[in-house]
1. Tell me the net charge near Leu38. Cut-off is 14 Å between Cβ atoms, Leu38 excluded, with +1 for each Lys or Arg and -1 for each Asp or Glu.
2. For Leu51 and Leu38, calculate 0.36 nm times their separation in residues minus their Cα-Cα distance, and state this gained length in nm to one decimal.
Amino acid sequence: MSSSSKGGKAAQLKGFKHSRPGLYLGIGSSAFGALGILRDVKKARGDSDTLKLVNAVVAAVALVTSTALLIRELKQLGDDDVLLG
């Protein structure tokens, strides 16, 4: 493969990441991540492990923040769409 074809694929993936379907996929992935975090919180509480609980809470905050960023980008994408009004 030439380096120009790699650059083209990277540009396509970056374009998908910032498209409406890509943003919805990111939000869906966050929902699955939340399930893992809930599992970690339950396990940490069951083991009475404060450090693991803090780790799960920090991961939850990061997940909420990244989801909020995706939603904001989705709204901005909608605002830029002439057909949506």
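1. In short, +4.
2. 3.2 nm
None of the figures in this text is laboratory data; all of them are computed from the coordinates on show. Please read these numbers as outputs of a predicted model, since none were measured by experiment. FYI the Cβ positions are ideal-geometry reconstructions off the backbone, even for glycines, and counts take in every protein chain you see.
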